[in-house]
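Undergrad: After the structure tokens below, expect a handful of questions from me.
The values are calculated or read from the model by the stated rules, or taken from the named source; none is laboratory data. Remember, predicted model here, so these are calculated numbers, not experimental data. Cβ: placed from backbone, ideal geometry, glycine included. Neighbour counts: every protein chain shown. Quick note on the areas: whole protein, heavy atoms, side chains included, nothing else; ligands and nucleic acids left out. Shrake-Rupley method; radii C 1.70, N 1.55, O 1.52, S 1.80 Å.
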Amino acid sequence: MSFKKSFLLFFVLSVSLSVTAQEVNTPTDLAEWVNPLMGTQSTFNLSNGNTYPSISLPWGMNCWMPQTGKMGDGWAYTYTSTHIRGFKQTHQPSPWINDYGQFSIMPVTKHVFDEEKRSSWFSHKSEIAKPYYYSVYLADHDVTTEIVPTERAAMFQMTFPSSDSSFVIIDAFDKGSYIKILPNEKKIIGYTTKNSGGVPANFKNYFVLYFDTPFTSSNTWHGKTLAKDTLEYKANHVGAMIGFKTKKGQKVRIRVASSFISPEQAELNLQRELGNDDFNTLQQKAKAIWNQQLSRLEVEGGSPEQVRTFYSCLYRIMLFPRKFHEVDAQNKTIHYSPYNGQIAEGYLYTDNGFWDTFRAVFPFFTLMYPELNSQIMQGLVNTYKESGWLPEWASPGHRDCMIGSNSASLIADSYLKGIRGYDIQTLYEAVLKNSEQEGPLSSVGRKGVSYYNKLGYVPYNVGINENAARTLEYAYADFTISQLAQALQKPKADVQKFTKRAQNYRNLFDPQTKLMRGKNQDGKFQQPFNPFKWGDAFTEGNSWHYTWSVFHDVQGLIGLMGGQKTFVSMLDSVFTMPPVFDDSYYGFPIHEIREMQIMNMGQYAHGNQPIQHMVYLYNYAGAGWKAQSRLREIMNKMYKPTPDGYCGDEDNGQTSAWYVFSAMGFYPVCPGTQEYVLGSPLFRKVSMHLENGKTFTIEAPGNSDNNVYIQNCQLNGQEYNNTFIKHSDILQGGTLKLDMSNTPNQQRGTKPEQLPFSVSAKK
């Protein structure tokens, strides 16, 4: 063999081995692939996720986090910070909603308790963040702090230096708090009332802590004053300062739990969830729970970065909505109601904005976690009974944030996909009430509903902001109600009414610009009209973003635009236009605007929810190959398993759920139907282990960075040309095999019967 041939063979083998080395065939120990710091490098002006490292169990009532921000700061942990002020029990769903039921624990080796003076330098190089475990070295105190979580409790392990001045600070925060030290029991009890709204007057988060080390000193404090003569204090802002004499390497362990119900329930939560387990046992249990849940989806054949991103996103989907219910001494599920302040039986979940999560998070639950979904639905029943309204943004009670009545989508999608075990008749009553009344907050019920029901739209000039967005979202909600009414065999008049209202999106379509546009009460379109203007008639977006919010009738929208060719051209325009914007409604570029501007994808604003489904709409016009190419670009460009890994707010799992669905190869464009629209899978193989015991597999053996196009498709060995897959097909188990190529198949999925569901083209 010549030198040239030998070198060529060596080069080919080297490249082949290099490519193989870059693929992860069968990842195991999936919790280790998760990066809880993904998305934490964010600010008010620019969101790369606006997340914090949540040390918790899936959907757990409590989360724990290192606190770098000042007390009350919604940006409680930011990756660029240099100091930790404490380790906080948090329930915060987003910095914009902020926190409630919060208190913190902080080890120090100085006689200080004020959050500024007690704060310590730390480095990410000495920080370990896992879903089930957190550890960090506090340099100014020479203390390493470790945390392991349960659903309503946690254990701390603090390794101290040799010191006569080792302390643990308990901070119950301001706005009304209570603390009591019981030295003989090595115990502290208290409560915090600090919240950001959405709670009754009697709201408290009761906490209890047990130490394994005797106290050498005990002090309460209030404000900036150390109390010298009492072990119990109630004031605006109180805490405790517990002292120890420690040897080098001595570990002080704290068992901590809380309850929204009572101090006794906090004790019960602690005993039930921590028992006599040691730190390592609890850590292994927490890790096993995360591995069990994460392994419901197994991916093969992606790069290490793709695998890390996938499981980091999957972890985010499993944080919200959180359980707000507890289990009493008689093993009954009970909850404190953040709506009426009473203790009631049954499930309750909270910390969720349905404007974000109706799109992909809840469809993910209906597919992969139907039992959880059933509990959430029963929680919605309880919310309606306790408050008279369905929640649209709850944290923990009703919050005045965002628009729409998107709870209808969640409820309809759940029932229509066969999930039972909750009072659907009460939920139907609730969605009917939503469709006819305004609520006590603008985000509850339907703001502008009298205009909407009379005119078929919410007018632009009657003092109701975001009117066009409201109209489009109400019309989609009406579609889901029509489907639910039909499934429940409700009167034909109900079905017809909501079927008709579902077409109200047509009232805002401007044939001149081929875009959605605000309309005045007299039936004339608003003037002047700038399709690049954010806000005003729309919600955190512009007309180019919201025009596509016709989830249920894309064929109807195609018809309004003049046919498939024009529709595809309009979709293309989103990506080819410059990222210009008009921010006059806000007075400055809100972070969503900036995130669109800097991504170099034209008007495509993936960092916010309204447009996230838009790429899949190419399938409805027979141009699915264009969706396949764009989807890969978005996944690869806008998601990384790093602190700046998102392209906007992560938002309670929604931006993550988009990635998880898209990486698997399909997406729920229209919740309330039985179809998922196909895209371009990221992995060679994805195995979905369903709750019914079946496994559905998506295989794309020829997948690669270049092979992004679907040439052919087989479902369970049979040729399959549809651009969607049905929910029932997945639930039966089986295999969807995709033959991938670097050239598009422009003929596949172009016939009317091969296109996804639209009201105007019922199959």
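Undergrad: Residues to consider are Q265, Q292; find the one that is in contact (Cβ under 8 Å) with a residue 12 or more places away in the chain and either closer than 28 Å to L182 by Cβ or open to solvent by 10 Å² or more (accessible area, probe 1.4 Å) (or both).
TA: Q265 is the lone residue from the list that is in contact (Cβ under 8 Å) with a residue 12 or more places away in the chain and either closer than 28 Å to L182 by Cβ or open to solvent by 10 Å² or more (accessible area, probe 1.4 Å) (or both).
Undergrad: Out of A475, A469, A487, which single residue is open to solvent by 20 Å² or more (accessible area, probe 1.4 Å), out of contact with any Gly (no Cβ under 7 Å at 6 or more places or on another chain) and small (G, A, S)?
TA: Only one candidate qualifies: A487.
Undergrad: Looking at H606, is it touching a Cys at 6+ places or on another chain (Cβ under 6 Å), at pLDDT 95 or above and of a type outside the set (D, E)?
TA: It is true that H606 is touching a Cys at 6+ places or on another chain (Cβ under 6 Å), at pLDDT 95 or above and of a type outside the set (D, E).
Undergrad: Here's a follow-up. Across segment 141-178, which residue is least open to solvent (accessible area, probe 1.4 Å) among those that are assigned to a strand (DSSP E or B) and free of Cβ contacts under 8 Å to residues at least 40 places away in the same chain?
TA: Here the residue is V143.
Undergrad: Let me ask you something else. Take P756 and tell me if it is open to solvent by less than 50 Å² (accessible area, probe 1.4 Å), in contact with a Ser or Thr (Cβ under 9 Å, 6 or more places away or on another chain), assigned to a loop (DSSP other than H, G, I, E, B) and within 27 Å of L484 (Cα to Cα).
TA: yes
Undergrad: Considering only segment 318-431, give the helices (runs of 4 or more DSSP H) lying wholly within it that have at least 1 residues that are open to solvent by less than 10 Å² (accessible area, probe 1.4 Å) and either aliphatic (A, V, I, L, M) or out of contact with any helix residue (DSSP H, G or I) (no Cβ under 8 Å at 6 or more places or on another chain) (or both).
TA: Those helices (runs of 4 or more DSSP H) span 361-368, 370-387, 407-416.
Undergrad: For segment 273-289: of the residues being out of contact with any Phe, Trp or Tyr (no Cβ under 6 Å at 6 or more places or on another chain) and of a type in the set (S, T, N, Q), which is surrounded by the fewest Cβ atoms within 10 Å (Cβ to Cβ)?
TA: The residue in question is N276.
Undergrad: For the subset of segment 179-212 comprising residues that are among the aliphatic types (A, V, I, L, M) and part of a loop (DSSP other than H, G, I, E, B), which member is surrounded by the fewest Cβ atoms within 10 Å (Cβ to Cβ)?
TA: Within segment 179-212, the match that is surrounded by the fewest Cβ atoms within 10 Å (Cβ to Cβ) is A201.
Undergrad: Q89 fails exactly one of the following numbered conditions: (1) touching a helix residue (DSSP H, G or I) at 6+ places or on another chain (Cβ under 7 Å); (2) closer than 21 Å to K323 by Cα. What is the number of that condition?
TA: Failed condition: (1).
Undergrad: Name, by its number, the condition in (1) over 30 Å from N722 (Cβ atoms); (2) part of a helix (DSSP H, G or I) that does not hold for F588.
TA: Failed condition: (2).
Undergrad: Which count do you get for residues in segment 498-532 that are among the hydrophobic types (A, V, I, L, M, F, W, C), over 19 Å from Y452 (Cα atoms) and open to solvent by 30 Å² or more (accessible area, probe 1.4 Å)?
TA: 2
Undergrad: Name the residue that is farthest from F122 (Cα to Cα), counting only residues in segment 24-43 that are open to solvent by 10 Å² or more (accessible area, probe 1.4 Å), assigned to a loop (DSSP other than H, G, I, E, B) and in contact with a helix residue (DSSP H, G or I) (Cβ under 7 Å, 6 or more places away or on another chain).
TA: In this case the residue turns out to be P27.
Here is a yes/no grid of residues against (1) open to solvent by less than 20 Å² (accessible area, probe 1.4 Å); (2) in a loop (DSSP other than H, G, I, E, B); (3) more than 30 Å from S218 (Cβ to Cβ); (4) not aliphatic (A, V, I, L, M):
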| position | (1), (2), (3), (4) |
| --- | --- |
| W75 | no, yes, yes, yes |
| T80 | no, yes, yes, yes |
| Q89 | yes, no, no, yes |
| G101 | yes, yes, no, yes |
| P107 | yes, no, no, yes |
| K110 | no, yes, no, yes |
| A129 | yes, no, yes, no |
| V136 | yes, no, no, no |
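Undergrad: Still on this structure, I have one more. Any idea which residue in segment 718-763 is nearest to Y618 (Cα to Cα), counting only those that are more than 32 Å from the chain's Cα centre (by Cα) and of a type in the set (V, I, T)?
TA: If we take residues in segment 718-763 being more than 32 Å from the chain's Cα centre (by Cα) and of a type in the set (V, I, T), then T750 is nearest to Y618 (Cα to Cα).
Undergrad: Just name the residue that is farthest from H545 (Cα to Cα) out of those in segment 566-582 that are open to solvent by 40 Å² or more (accessible area, probe 1.4 Å) and in contact (Cβ under 8 Å) with a residue 24 or more places away in the chain.
TA: So the residue we want is T566.
Undergrad: Which of (1) open to solvent by 20 Å² or more (accessible area, probe 1.4 Å); (2) outside any strand (DSSP E or B); (3) touching a residue at least 12 places away in the same chain (Cβ under 8 Å); (4) not aromatic (F, W, Y) is the odd one out, the single condition L270 does not satisfy?
TA: Against the list (1) open to solvent by 20 Å² or more (accessible area, probe 1.4 Å); (2) outside any strand (DSSP E or B); (3) touching a residue at least 12 places away in the same chain (Cβ under 8 Å); (4) not aromatic (F, W, Y), L270 comes up short only on (1).
Undergrad: Does segment 720-737 contain any residue that is outside any helix (DSSP H, G or I), open to solvent by 10 Å² or more (accessible area, probe 1.4 Å) and of a type in the set (A, V, I, L, M, F, W, C)?
TA: Checked segment 720-737: no residue is outside any helix (DSSP H, G or I), open to solvent by 10 Å² or more (accessible area, probe 1.4 Å) and of a type in the set (A, V, I, L, M, F, W, C).
Undergrad: I've got another one for you. If we scan segment 45-53, do we find a residue that is at pLDDT 95 or above, touching a strand residue (DSSP E or B) at 6+ places or on another chain (Cβ under 9 Å) and closer than 13 Å to Y133 by Cα?
TA: Yes: segment 45-53 contains one or more residues that are at pLDDT 95 or above, touching a strand residue (DSSP E or B) at 6+ places or on another chain (Cβ under 9 Å) and closer than 13 Å to Y133 by Cα.
Undergrad: Select, from M614, M596, the only residue that is without any contact (Cβ under 8 Å) to a residue 40 or more places away in the chain and either in contact with a Phe, Trp or Tyr (Cβ under 9 Å, 6 or more places away or on another chain) or hydrophobic (A, V, I, L, M, F, W, C) (or both).
TA: After ruling out the rest, the residue left standing is M596.
Yes/no matrix, rows are residues, columns are (1) touching a strand residue (DSSP E or B) at 6+ places or on another chain (Cβ under 9 Å); (2) surrounded by fewer than 20 Cβ atoms within 10 Å (Cβ to Cβ):
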residue	(1), (2)
T642	no, no
Y646	no, no
G665	yes, no
P668	yes, no
S680	yes, no
L690	yes, yes
G702	yes, yes
N707	yes, yes
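Undergrad: For the list (1) open to solvent by 10 Å² or more (accessible area, probe 1.4 Å); (2) outside any loop (DSSP other than H, G, I, E, B), I need the number of the one condition that Y676 fails.
TA: (1)
Undergrad: Among the numbered criteria (1) touching a Pro at 6+ places or on another chain (Cβ under 9 Å); (2) closer than 15 Å to R118 by Cβ, which single criterion is violated by Y100?
TA: (2)
Undergrad: For residues that are crowded, with 19+ Cβ neighbours inside 10 Å and farther than 26 Å from Y474 by Cβ, tally how many sit in segment 592-617.
TA: Result for segment 592-617: 3.
Undergrad: For the structure I just gave you, tell me whether K626 is open to solvent by 10 Å² or more (accessible area, probe 1.4 Å), outside any loop (DSSP other than H, G, I, E, B) and touching a residue at least 12 places away in the same chain (Cβ under 8 Å).
TA: Taking the combined requirement at face value, the residue satisfies it.
Undergrad: In addition: Condition first: touching a Leu at 6+ places or on another chain (Cβ under 8 Å), under 21 Å from G86 (Cβ atoms) and open to solvent by less than 30 Å² (accessible area, probe 1.4 Å). Can you find one or more residues in segment 221-238 that meet it?
TA: No, the conditions are met nowhere in segment 221-238.
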